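Remarks on the structure that follows.
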Amino acid sequence: MKRLFATLLVLSLFVTTIFAQDAAYLEVTQTDISRLPNVELTLLGQDDAGRPIDFSNELILINHDGTLIDENIDVVEMQDTGTFAIFLLDLTPGVQPRMGEIASSVRQYASADFMREQVDSVAVFQADEVGAVERQASTVFYNDITNLFSIGVAPAAGATALYDSIGDLLARVDQLRPYPNAPTHLIVYSDGTDAISTQTTPETLIARAQEKNVVIDAVWLDNEDLTFSAEDGRNFMQSLAEQTGGVFAALSESAELSNVWNQIGSGGQQVVIRYTIPELRAGTVNVEVRLANSPQIPVALTTVSVPAGLPTASLLISEESREFTLASVDEPINMRLPASVTWLDEQVRSVNQAQIWLNGQPVLDVDSAEIDQIVADVPLIFGNNVLKLIIVDELGQQAQSPDVTLTVSQGEDALPSELRTGGSFPWRLIGYVLLCLVIIGLLAYLYFYLRANPAKISGVRERVAQRGSTILPPAVDSAPNPSAQRAKVEAPTVAVAAEPEVDNTRYMPPAGQPTLEILDSLSKMPTSVLINRSEFLIGRSSTVDLAFTDDPTVSRIHATVVQDGKIYRIYDEQSTSGTYVNDKQVPEYGLQLANGDEIHMGAVHLRFKQ
């Protein structure tokens, strides 16, 4: 009776395994929630003929927490990720005659027929009495495998712990993988028996492989030393492959081995799909993915976990504003980008960093205080412009907004109103108006003050007569250089109101003043001039002390020579072309002049003599 039961069990496992050789499967290898409410899933699978699934011809259906999603599921990209194959060789003394076949079959996989060099990875381990021993670390080169077997891999001297060795590799698989979501196959070469396992059972091995997304392929070795237990070992190997989505093969059957290698290779192609969560809320929910056109392919199961405090970012651009025309995109377009950042737990947190990305590149750093109403010069192009907002909150959590595509065609300028900067309240214009009103008020006050104080006007006329100038100085090309080392002449309106006497800061210093020799100039000038004031102005304006009125290369007030005791320093007054002494540009804090120094300002060439 026992023999009959054993025979029926063996027969059922054998029949099940035959039908499972090219079992179709679909699994989710990676989940990405960084673009909530959009979720990205990476899928891997093969059809019942052992070929990679052609997702372009499939209708993908998603069940998200009980809600069916059959529209707006986008195929984002196909990924050629490569595969990771781990060979575990359980070499007991009885398989010694098969060593040449074992080495040849492993080298068969590590060849151009099945493994893509520098894309797919392979490692080799050997089972011993404790666990798995590394013989060849993960490599992407064929020759490393060839060299390994050229040196020789010898069978173990005694019994080996097959179960413990498989469990050891499954425990370490996350560290062994070349990258986290690499499709991983564990190819076990063994007679299926385990005489000394102390901590692992077949049931725990299958559960752990499923948990780690590791497919176990079994290559059965016919061990001449085994008699009755040989069939039990074969049954265990078949069951191990069947329940983890792998392929069973006998070493002596080359066609069966090719099925193993083909299934490993099919895992290198993965697809990334994207769908939108219908109702975003915190928590962990179950997600199912199935293919409507291929009902024979099993449903892929995964979970999506959304933390309660996770931020979400959005660009709030309506659908009708995402297509428009512009006359030109040669210059960046000044536009408004309405956006928002919220947290699922409805707590308000600060945003530490924010950027606008355009067509995969960052184009603008956003002030966190301006996220609600971003105003920016955006370098659009004709065609599609993919915008997104990326933020990092105070807890270091990142959020990316769903992509918004602006389609721009050439035509008349027709930027939608919600994107126009003029669509927001004109605070800047109001600020300019208020500034103009303040200036007008000051001028009116000055006018009525002078009319009410004729004596002030007389004082001003006296000063004008002494300087040969007008009441208001002419406009300069740029603001004078502020210097802490000298007293600058302030606006004459303030001087008139505060000080009616003659300005003594520009009167002639004691005798012994230096001169400026005029070596070259576009204006008709004397050969030299005396520096007869403690602040000696040089420029194009007719009101300065040394005026080059016909020289456009000189600014209206270009430079100032200032006396400080017996020392004279020259300052550039933020002129257009700069001031140079002995070919060295005068810095903001000025430069001390020495006898014979040559000065250049535009086309003017001077020499300082003291």
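So here's what we get for this one:
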| read-out | value |
| --- | --- |
| All positions within the stretch 390-417 that are under 28 Å from the mean Cα position of the chain (by Cα) and among the charged types (D, E, K, R) | 393, 394, 403 |
| Matching residues in the stretch 214-229 - criterion: being over 46 Å from the mean Cα position of the chain (by Cα) and not in a loop (DSSP other than H, G, I, E, B) | 220, 229 |
| Selection count where residues are in contact with a Leu (Cβ under 8 Å, 6 or more places away or on another chain), over 14 Å from residue 531 (Cβ atoms) and open to solvent by less than 20 Å² (accessible area, probe 1.4 Å), scope the stretch 574-603 | 1 |
| Top-ranked residue of the stretch 268-277 - restricted to ones that are touching an Asp or Glu at 6+ places or on another chain (Cβ under 7 Å) and open to solvent by 10 Å² or more (accessible area, probe 1.4 Å), ranked as nearest to residue 217 (Cα to Cα) | 269 |
| Scan of the stretch 278-301 for residues that are open to solvent by less than 80 Å² (accessible area, probe 1.4 Å), part of a strand (DSSP E or B) and within 30 Å of residue 394 (Cα to Cα), ordered by number | 283, 285 |
| Among (1) open to solvent by 50 Å² or more (accessible area, probe 1.4 Å); (2) in contact (Cβ under 8 Å) with a residue 40 or more places away in the chain; (3) over 25 Å from residue 41 (Cβ atoms), the one test that residue 213 misses | (3) |
| Candidates 94, 82 - the one that is modelled with pLDDT under 90, at positive phi and not β-branched (Val, Ile, Thr) | 82 |
| Members of the stretch 374-397 that are assigned to a loop (DSSP other than H, G, I, E, B) and acidic (Asp, Glu) | 394 |
| Within the stretch 191-213, considering residues that are in a helix (DSSP H, G or I) and of a type in the set (Gly, Ala, Ser), the one nearest to residue 270 (Cα to Cα) | 209 |
| Matching option when the condition is assigned to a helix (DSSP H, G or I) and touching a residue at least 60 places away in the same chain (Cβ under 8 Å), among 169, 186 | 169 |
| Residue, farthest from residue 283 (Cα to Cα), within the stretch 50-60, restricted to residues that are of a type outside the set (Asp, Glu) and surrounded by fewer than 16 Cβ atoms within 10 Å (Cβ to Cβ) | 51 |
| Scan of the stretch 564-591 for residues that are in contact with a Pro (Cβ under 8 Å, 6 or more places away or on another chain) and assigned to a loop (DSSP other than H, G, I, E, B), ordered by number | 573, 574 |
| Test set (1) farther than 24 Å from residue 33 by Cα; (2) assigned to a strand (DSSP E or B); (3) open to solvent by less than 30 Å² (accessible area, probe 1.4 Å); (4) not β-branched (Val, Ile, Thr) - residue 409 fails condition number | (3) |
| Hey, residue 361 among the polar types (S, T, N, Q) and either free of Cβ contacts under 8 Å to residues at least 24 places away in the same chain or touching a Lys or Arg at 6+ places or on another chain (Cβ under 6 Å) (or both) or not | yes |
| Residue that is farthest from residue 592 (Cα to Cα), among those in the stretch 528-541 that are open to solvent by 40 Å² or more (accessible area, probe 1.4 Å) and modelled with pLDDT of 90 or more | 540 |
| Number of the exception - residue 364 against (1) under 16 Å from residue 416 (Cα atoms); (2) touching a Phe, Trp or Tyr at 6+ places or on another chain (Cβ under 9 Å) | (1) |
| Residue that is out of contact with any Ser or Thr (no Cβ under 9 Å at 6 or more places or on another chain) and among the polar types (S, T, N, Q), where the choices are 321, 305, 328 | 328 |
| Criterion violated by residue 200 - all others in (1) within 20 Å of residue 134 (Cβ to Cβ); (2) open to solvent by less than 10 Å² (accessible area, probe 1.4 Å); (3) in contact with a Gly (Cβ under 6 Å, 6 or more places away or on another chain) satisfied | (2) |
| Test: residue in the stretch 550-563 that is in a loop (DSSP other than H, G, I, E, B), surrounded by fewer than 21 Cβ atoms within 10 Å (Cβ to Cβ), modelled with pLDDT under 90 and out of contact with any Gly (no Cβ under 9 Å at 6 or more places or on another chain) | yes |
| Selected residue (criterion: nearest to residue 105 (Cα to Cα)) from residues of the stretch 222-267 that are aromatic (Phe, Trp, Tyr) and open to solvent by 20 Å² or more (accessible area, probe 1.4 Å) | 236 |
| Filtered residues of the stretch 343-357 (kept if out of contact with any Pro (no Cβ under 7 Å at 6 or more places or on another chain) and not in a loop (DSSP other than H, G, I, E, B)) | 351, 352, 353, 354, 356, 357 |
| Qualifying residue in the stretch 75-83 (condition: surrounded by 15 or more Cβ atoms within 10 Å (Cβ to Cβ) and either of a type in the set (A, V, I, L, M, F, W, C) or more than 27 Å from residue 52 (Cβ to Cβ) (or both)) | no |
| Residue that is nearest to residue 265 (Cα to Cα), among those in the stretch 140-190 that are open to solvent by 10 Å² or more (accessible area, probe 1.4 Å) and of a type in the set (Ser, Thr, Tyr) | 142 |
| Qualifying residues in the stretch 230-277 (those that are part of a helix (DSSP H, G or I) and of a type in the set (Ser, Thr, Tyr)) - the one farthest from residue 183 (Cα to Cα) | 254 |
| Matching entry among 387, 337, 316 (being among the aliphatic types (A, V, I, L, M), open to solvent by 50 Å² or more (accessible area, probe 1.4 Å) and under 24 Å from the mean Cα position of the chain (by Cα)) | 316 |
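Results for (1) at pLDDT 90 or above; (2) in a strand (DSSP E or B); (3) buried (at least 21 other Cβ atoms within 10 Å of the Cβ); (4) charged (D, E, K, R), shown as yes or no for each residue.
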| site | (1), (2), (3), (4) |
| --- | --- |
| 30 | no, yes, no, no |
| 45 | no, yes, yes, no |
| 48 | no, no, no, yes |
| 63 | yes, yes, no, no |
| 71 | no, no, no, yes |
| 88 | yes, yes, yes, no |
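The values are calculated or read from the model by the stated rules, or taken from the named source; none is laboratory data. Everything numeric here is computed off the predicted structure, so don't read it as measured data. Note that we place each Cβ from the backbone using ideal geometry, even for glycine, and neighbour counts take in every protein chain shown. In case anyone asks, the SASA skips ligands and DNA or RNA and just uses the protein heavy atoms, side chains included. Shrake-Rupley method; radii C 1.70, N 1.55, O 1.52, S 1.80 Å.
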